[in-house]
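Enquirer: This is the structure I want to talk about, given as structure tokens.
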Amino acid sequence: MIENISIYIIFMLLGIGITYIFMRNENKKQFKHLEAEAKAKASAIEYEAEHLLHEAQVKIKEEEILLDKKFQDKVLEVTKQRTELDLERKSLRQKEKELFKNKKNIEKKESYLEFLEEEKKEEREILIELLSKSAGLTKDEAKKYLLEQILEESKLELALSVRKQEKIAEQESKKRANYILSQAVTRYAGEFAGERLINIVNLPSDEHKGRIIGKEGRNIKSLEQLLGVDIIIDETPGVIIVSNFNLYRRAIATRTIELLIKDGRIHPGRIEQVHAKVKEEFEQKILEDGENIVIELGLLPMHEELMKLLGRLKYRASYGQNALAHTLEVAKLAAIMAVEMGGDERLALRAGLLHDIGKALTQEHGGNHIDLGVEICQRYDEHPTVINAIYAHHGHEEPDGVESAAVCAADVLSATRPGARREVLESFVKRVKDIESIALSKKGVIDAFAINAGREIRIFVDAGKIDDANVYLLSKEIAKEIENKVQYPGEIKVNVIREKREIQYAR
């Protein structure tokens, strides 16, 4: 038993020893493997570190090269600036020398001018003495004669100078003005006016003509008296003509007759009833039209009375041009031009819309549409620029801002474009005669002809009495007098022609 235990212990000790030896060998192998792996990682880290170091060195080198280049560029720039500064200093020194030299020359010229002035005074005194002795004039008379001669010479020199300055100003301003006008016109295209003095009412049959005339003409007399229009019934089949200069009254009359024809009952009592109903409808309609215009243009708030007057402009015409169409055209053109010139678009639009508001009152109240327009706008607290635009668009005041000036320009554009307006023959003939009379009244004018529908006047002058400088003064004088004495849309070109002719005969 004891031997068995001893053998077991021996074998156990041998197993432990063998296991220890085996584990020791295994640990040695594992340690060597880990050592090799650690060395490999250390080698890779060392390689990566060397690579990063190399990249950093390359980058530092590149930055050094870039900084060196920037430094060189800066040196060159500073050198260039120094050179330019030196040149500027030299130029300034040269200019200082020239200024000093010019100053000396000016001082010399001033002293010489003073000398000439004194000499001129002495010569003038001598000339006055000679004139007074030779011409039998007193000293004051001779002095007056000389002053008149000098004034005439100065007048010619001044005319030439003014002409030159006006030419320069015209060239500079024309480009900007043409740009603004072209932008406004191309961005807004209005329809041509087509107002007439008559309305035509179509009839279902010619039998209705007899109903409208009535027994012994009672119906037609009642219609004309109540409606305030002329009703023309002729042999033209199926129509009657309503004639009147007042568009509003004519429109009410036309609508009244149409309703009477449709109803079939035509007699004085019924005429009064239908007329009252139509008039009430029209009053409501013109307010709605005015409100729609103001809302469409975005100009609320506006007083109800002003909107009503705007609607009434639809039934008002000037030289054949519908007043409302003209007003809307002016408003839109003025807004476009105001924006181009840096003004207030909404204010220009409002001023353009209200610039002719007085025309809605002239047929009922009489008077000047400008004064009436100003009065109604002031009553309802409109902006001062609106008031100024009403005055300025016919020259009663100077425009006080961009918006008023835009309204004035837009008013002329709208009124003078082809087809916009028509005039009666009598007013046209009178205007042409007035223009020609103004030109013929001037000294030295041989003949004058108004051409191009009164838009131009061609004036022929005596070359022996008027020289080139006075031609310019004459044209300015005639143009100014036409502006003051003649009313016309747009502008009139004053063309003065001076032609010298010498005639000889071979015998």
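Enquirer: Looking only at segment 234-252, how many residues end up being at pLDDT below 85 and either over 43 Å from the mean Cα position of the chain (by Cα) or not assigned by TED's automatic domain parsing to the domain that holds Lys279 (or both)?
Expert: Number of matching residues: 5.
Enquirer: Still on this structure: Among the helices (runs of 4 or more DSSP H) contained in segment 273-372, which hold 1 or more residues that are in contact (Cβ under 8 Å) with a residue 60 or more places away in the chain and closer than 28 Å to Leu227 by Cβ? Break it down stepwise before answering.
Expert: Details: elements: 304-312, 323-340, 345-354, 359-365.
Once the helices (runs of 4 or more DSSP H) in segment 273-372 are filtered for at least 1 residues that are in contact (Cβ under 8 Å) with a residue 60 or more places away in the chain and closer than 28 Å to Leu227 by Cβ, what remains is 304-312, 323-340, 359-365.
Enquirer: Then there's this: I'd like the full set of residues that are among the charged types (D, E, K, R) and assigned to a helix (DSSP H, G or I), limited to segment 235-272.
Expert: To start, the set of residues in segment 235-272 that are among the charged types (D, E, K, R) comprises 235, 249-250, 255, 258, 262-263, 265, 270, 272.
Within segment 235-272, Arg249, Arg250, Arg255, Glu258, Lys262, Asp263, Arg270, Glu272 meet the criteria.
Enquirer: If you don't mind, another one. What residue, among those in segment 462-507 that are touching a Leu at 6+ places or on another chain (Cβ under 7 Å) and not in a helix (DSSP H, G or I), is modelled with the highest pLDDT? Quick ask: steps written out before the conclusion?
Expert: Taking segment 462-507 as the starting set, the residues that turn out to be touching a Leu at 6+ places or on another chain (Cβ under 7 Å) are 466, 469, 496.
Now drop any that are not not in a helix (DSSP H, G or I), which leaves 466, 496.
Numbers: Ile466: 82, Val496: 88.
Taking the candidates together, the pick is Val496.
Enquirer: Considering only residues that are part of a loop (DSSP other than H, G, I, E, B), under 19 Å from Gln487 (Cβ atoms) and at pLDDT 80 or above, which ones fall in segment 412-451?
Expert: Ser441
Enquirer: Now, a different point. Based on what the data block shows, is Ile5 of a type in the set (A, V, I, L, M, F, W, C), surrounded by 10 or more Cβ atoms within 10 Å (Cβ to Cβ) and either part of a helix (DSSP H, G or I) or out of contact with any strand residue (DSSP E or B) (no Cβ under 6 Å at 6 or more places or on another chain) (or both)?
Expert: Numbers: of a type in the set (A, V, I, L, M, F, W, C): yes; surrounded by 10 or more Cβ atoms within 10 Å (Cβ to Cβ): no; either part of a helix (DSSP H, G or I) or out of contact with any strand residue (DSSP E or B) (no Cβ under 6 Å at 6 or more places or on another chain) (or both): yes.
The answer is no for Ile5.
Enquirer: Looking only at segment 229-248, which residues are closer than 14 Å to Gly210 by Cα and of a type in the set (Asp, Glu)?
Expert: Asp234, Glu235
Enquirer: Just for segment 284-334: of the residues that are of a type in the set (S, T, N, Q) and modelled with pLDDT of 85 or more, which one is surrounded by the most Cβ atoms within 10 Å (Cβ to Cβ)? Talk me through it step by step, then tell me what you get.
Expert: Here is the first cut: in segment 284-334, the residues of a type in the set (S, T, N, Q) are 284, 292, 318, 321-322, 327.
Add one more test, that the residue is modelled with pLDDT of 85 or more, and what stays is 284, 292, 327.
Working: Gln284: 12, Asn292: 13, Thr327: 25.
My answer is Thr327.
The values are calculated or read from the model by the stated rules, or taken from the named source; none is laboratory data. All of these numbers come straight from a predicted model, not from anything done at the bench. Cβ sites come from the backbone with ideal geometry, for glycine too, and all protein chains shown count toward neighbours.
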